[in-house]
Each structure stands twice: as C-alpha cells, then as structure tokens.
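**Q** Before I ask anything, here is the structure I am working with.
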Amino acid sequence: MTRKIPVVGFVSLGCPKALVDTERIVTELRARGYRIGTTYKDADLVIVNTCGFINEAVEESLQAISEALEENGRVIVCGCLGGKAEEDGSNFIAKRMPKVLGVTGPDSVDEVLAMVEKALPRPHDPWDELVPKCGVRLTPKHYAYLKISEGCNHHCTYCIIPKLRGELVSRPIGDIVREAANLREAGVKELLVISQDTAAYGVDKNYKLDFAGGRPVRTRLYDLCRELGRLGMWTRLHYVYPYPSVDEVVPLMAEGLILPYLDVPFQHAHPRILKLMKRPASTERNLERIAAWRAACPDITIRSTFIAGFPGETEAEFEYLLDFLREAELDRVGCFAYSPVDGAAANDLPGQLPDEVREERRRRFMEVQAEISAKKLARKIGTTLDVLIDEEPDEDGVAVGRTKADAPDIDGVCYVTTERKLQPGDFVKVRITGNEEHDLIGREVVEGDGQ
C-alpha cells in the first residue's frame, strides 16, 4: 500500500522579510518529503505566517488564523504576531486562539519544523535532490529577495519590530554570497537585498573577517555589495538607514556593480518629530547626504517612506515636511497615515491626531509627490533605458517591465510596446515616449530599426 504524502498549506502575510521566512520553511518541508498544498481542503495542516507591525496587520493575521481554523482545523502560527507576548507574559495568539497546534515567532524555522513533524510525522529523511539548490521561492523566477540580517537595534517609538524580531543578527557574508550564486544559477536576474536595517549589516559582528568565494572579506555592507556585484545580476538595496557608511557604497553604484537605487526610510523631516520618533539624523544632514549621493552617482534613484499625522505633529511641522519633499525631489516615495501599534511608545505621546487629519495630510503629501514624480519622469522622454520584463505582452503587444529605478510591487512600471513575444526575465532596450504620474511608456528598441 502506498503511504500518503502529508500536505502542508501556507498563508503568508506581511513584508518581503516574512516572505523569505516562508520560503525557508517551504524549502525545508519539501526537502523532508512534505507536499505543499494550495487549498485548505487539500492540506493536512496549515501554517499561518503572521504580521504584527500595525494594528491593521494584527487584525488581518487574526482573521487569517480564524479562517484557517474554520476551514482546516489544524493550524500552526509563526511570524511577528506569533512572537508577541501579553503583559502577563502569556502568548498573544495562544491566549486568543487556544485551538492552534502551536505558536512561535519570526525567524523560527527549526521550531516550525518541529511542530509540523509532531503533528505530521516526517515522510523520510531529508533528500537534497527534492529541492533546487536555491530553495523553494514564492516570487517570480526572475527576481528574488535576499535577506542579510534579522532584527533591529533601533527603538523607534512607532515601531515594535525589536520586540517581535529581536536585536540585529547579521548572516555570515559567505552564506549570503553562496545563496545569491545559487539564485543566479536558477535564473534569477534581480536580487532585492532586504533586512530591518540593511546599512547596519555587520555591526553586531564587529565587521569580522570572513570568506566569500575563497576571498577574505569583512562582514560589512561595502564588502557584501562588492561580492554581490561580481555575480552580474541587478542588485537593489532596500531599508537603508542614512548612516555615513552608505556614502562609501554609492560609488559602487556609479561603477555599475550594483543598481543606482537606495531605499532610505526617512519617515519625516522636522527635527522635533524625528526626535519624537527616535530616528537618527537631522533634516539638514539628510539633504546634504542626498546632494552628495547625487554628485557621486548622477543616475541614482532615491526612494523613501514617510509618516503623516504623527502624534503632536502641527500643521507648520507638516508643511516643513512638504518643503523638504519639494527640495529633496525624491524619485519614489510612499506615505502612510500614522497608525497606532499596540505596545509602541508613540501611543503615550500627547497630541494624538484624529483619523481624518492623518489621512488628509497623507493625501496632500502624495499630491505633492505625484507632481514631483511626473516632472522627473517626463525628463526621461526621449532616452533609451534598460527594462526587465515582468509580464509578457497582452493582445495589444504591450508588455510590463521595470527600469533600474523601479523595485517590484512598490514603485512604478514601464509599459513596453513590442512586436516580439517577450517573457518575464527578458532584458530589453526601451525608448521612452511618454509618462504618467508614476509610470513610463515606451517602445522596444530592436537592433537595426533606426531608432
């Protein structure tokens, strides 16, 4: 009689860092002989990887757990919300969802596997050939997230990430470079480097000497970028705090080793609000750094995120933020209306603003940025840019891709008119012919067409 192969289902919520955790768990389960299901009905149990960053994410996670319990009945919970504790020390999830099989926090692959094997005995010992060298990924084949560290040493007043994911723990640089090389072998064209604080990579290791590809290298961002640049893929840096150490990485962008792209979470501009947030750096210094980065690498794209309506923010301080935005002329920007997070110190600050004020300021912020974005994109009309295709052409011959200035899901796209059957992962030259507020429009340049 053939033994039934146990099936594990997944619900993965939250940010790309949580998605990487899910990919690691799926990879290990596949190696141990488990199948990965696509529906509640097919699965013998379900793992819910939760997010607990803001209250809306907590609600979404609780609803996902409830749905999994109702539809399947056998549920293991992991992720940020899984690691949250009540004031009395009890687990936040276990107290509200006592029927779950087990609960653990983020970056807890071994604990999750132990829970799965307790509920569903392992089919056989791990066989490496059951999974590719690059592991099982949940992103499209042509790009992948590469997590270089876990946790964060900052204690921003609006955030509880250090409580959920702990202090900074950097991965060995050799392990990261090996993973990147395996991803390249699997056909990945773009690496999206992520962590809670990318610029702090190696601080916890005191930048110790290690080896990558047989070469002695320091455990620090500069060395990591150089090693990743050797692999010849698009390498894009996310979540980069504006530390002085970033200044030495920008010339690598000018050399073409890594993409001329910096995702820097400024969050605000007014010194008093930054102090209330417990954020590093001042407005004046940030403007100086932006100017220096552009001088060192004229093609650099700077993206950032901001919070509008932080507790105590006055109208004058918000206008100060808008003035900063106009002066900085950032390329890509996202803005969130401040949202209280259970357990965050900002909840106790005076001057909590009404929801409608927070949202109105977010809207005004994005209106200013839309004008800046449209103006900057219009300057690209008539230029020819490298584009990585994400979606094949539709019936009108229009494919969707991204330039070096655009990360997937969070930035704009480039609509490419083509006469060829392009595939996701193809690189093409595109002549830019128009733009919208956040997106570009162009036509593929085919060799010999005279353009």
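To keep it simple, each residue is scored yes or no on (1) on the phi > 0 side of the Ramachandran plot; (2) of a type in the set (D, E, K, R); (3) touching a His at 6+ places or on another chain (Cβ under 7 Å).
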| position | (1), (2), (3) |
| --- | --- |
| ASP394 | no, yes, no |
| GLY397 | yes, no, no |
| PRO408 | no, no, no |
| VAL413 | no, no, no |
| ARG431 | no, yes, no |
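**Q** Looking at the stretch 221-232, can you tell me whether even one residue there is touching a Phe, Trp or Tyr at 6+ places or on another chain (Cβ under 9 Å), closer than 29 Å to VAL333 by Cβ and either touching a residue at least 40 places away in the same chain (Cβ under 8 Å) or acidic (Asp, Glu) (or both)?
**A** Scanning the stretch 221-232 turns up at least one residue that is touching a Phe, Trp or Tyr at 6+ places or on another chain (Cβ under 9 Å), closer than 29 Å to VAL333 by Cβ and either touching a residue at least 40 places away in the same chain (Cβ under 8 Å) or acidic (Asp, Glu) (or both).
**Q** From the list SER90, SER108, which one is over 25 Å from the mean Cα position of the chain (by Cα), open to solvent by less than 70 Å² (accessible area, probe 1.4 Å) and of a type in the set (S, T, N, Q)?
**A** None of the others qualify; the one that does is SER90.
**Q** State whether one or more residues within the stretch 73-86 are over 23 Å from ASN347 (Cα atoms) and either out of contact with any strand residue (DSSP E or B) (no Cβ under 6 Å at 6 or more places or on another chain) or free of Cβ contacts under 8 Å to residues at least 24 places away in the same chain (or both).
**A** Yes, the stretch 73-86 has at least one match.
**Q** Are any residues in the stretch 322-336 in a strand (DSSP E or B) and open to solvent by 30 Å² or more (accessible area, probe 1.4 Å), and if so, which ones?
**A** PHE336
**Q** Could you give every pair whose Cβ atoms fall below 8 Å, whose first residue belongs to the stretch 361-374 and is aromatic (Phe, Trp, Tyr), and whose second residue is open to solvent by less than 10 Å² (accessible area, probe 1.4 Å) and outside any helix (DSSP H, G or I), counting only separations of at least 6 or pairs across chains?
**A** PHE365/PHE306; PHE365/ALA308
**Q** With the structure loaded, tell me whether ASP342 is among the acidic types (Asp, Glu), farther than 30 Å from CYS414 by Cα, in contact (Cβ under 8 Å) with a residue 24 or more places away in the chain and open to solvent by 20 Å² or more (accessible area, probe 1.4 Å) or whether it fails that test.
**A** Answer is yes for this residue.
**Q** Go through the stretch 1-86 and tell me which strands (runs of 3 or more DSSP E), entirely inside it, have 1 or more residues that are touching a Phe, Trp or Tyr at 6+ places or on another chain (Cβ under 9 Å).
**A** Because the criterion is at least 1 residues that are touching a Phe, Trp or Tyr at 6+ places or on another chain (Cβ under 9 Å), the strands (runs of 3 or more DSSP E) in the stretch 1-86 that meet it are 7-12, 45-50.
**Q** Next question. Just need a number here: residues in the stretch 385-415 that are among the β-branched types (Val, Ile, Thr), over 16 Å from LYS189 (Cβ atoms) and touching a residue at least 40 places away in the same chain (Cβ under 8 Å).
**A** Result for the stretch 385-415: 1.
**Q** Just to be sure, is ASP210 among the charged types (D, E, K, R) and outside any helix (DSSP H, G or I)?
**A** yes
**Q** Can you say whether GLY382 is out of contact with any Cys (no Cβ under 8 Å at 6 or more places or on another chain), without any contact (Cβ under 8 Å) to a residue 60 or more places away in the chain, assigned to a loop (DSSP other than H, G, I, E, B) and open to solvent by less than 70 Å² (accessible area, probe 1.4 Å), as far as the supplied structure shows?
**A** yes
**Q** Same structure again: Checking the condition on the phi > 0 side of the Ramachandran plot and surrounded by 14 or more Cβ atoms within 10 Å (Cβ to Cβ), which residue from GLY312, GLY351 passes?
**A** On inspection, the qualifying residue turns out to be GLY312.
**Q** May I ask you to say which residue of ARG285, ARG279, ARG303, ARG294 is part of a helix (DSSP H, G or I), among the basic types (Lys, Arg) and surrounded by 14 or more Cβ atoms within 10 Å (Cβ to Cβ)?
**A** Being part of a helix (DSSP H, G or I), among the basic types (Lys, Arg) and surrounded by 14 or more Cβ atoms within 10 Å (Cβ to Cβ) holds for just one of ARG285, ARG279, ARG303, ARG294, which is ARG294.
**Q** Looking at the stretch 15-24, can you tell me whether even one residue there is open to solvent by 20 Å² or more (accessible area, probe 1.4 Å), touching a residue at least 12 places away in the same chain (Cβ under 8 Å) and under 18 Å from GLU111 (Cβ atoms)?
**A** Yes: one or more hits.
**Q** Something else: Hey, does the stretch 67-78 have a residue that's open to solvent by 10 Å² or more (accessible area, probe 1.4 Å) and under 29 Å from TYR158 (Cβ atoms)?
**A** Taking every residue of the stretch 67-78 in turn, at least one turns out to be open to solvent by 10 Å² or more (accessible area, probe 1.4 Å) and under 29 Å from TYR158 (Cβ atoms).
**Q** Pick from the stretch 9-38 the residues that are of a type in the set (Ser, Thr, Tyr) and out of contact with any Gly (no Cβ under 7 Å at 6 or more places or on another chain): which of them is nearest to VAL100 (Cα to Cα)?
**A** SER12
**Q** Please go through the stretch 225-251 and give me each residue that is surrounded by 19 or more Cβ atoms within 10 Å (Cβ to Cβ) and touching a Gly at 6+ places or on another chain (Cβ under 8 Å), ordered by number.
**A** GLU227, THR235
**Q** Considering each residue of the stretch 167-201, count those that are over 17 Å from GLU227 (Cβ atoms) and either hydroxyl-bearing (Ser, Thr, Tyr) or in a loop (DSSP other than H, G, I, E, B) (or both), and give that number.
**A** Qualifying residue count for the region: 7.
The values are calculated or read from the model by the stated rules, or taken from the named source; none is laboratory data. Since the structure is predicted, the reported quantities are computational estimates derived from the model, not experimental observations. Cβ atoms come from the backbone with ideal geometry, glycine included; neighbour counts cover every protein chain shown. Just so you know, the surface numbers come from the protein's heavy atoms only, side chains and all, with ligands and any DNA or RNA stripped out. Shrake-Rupley method; radii C 1.70, N 1.55, O 1.52, S 1.80 Å.
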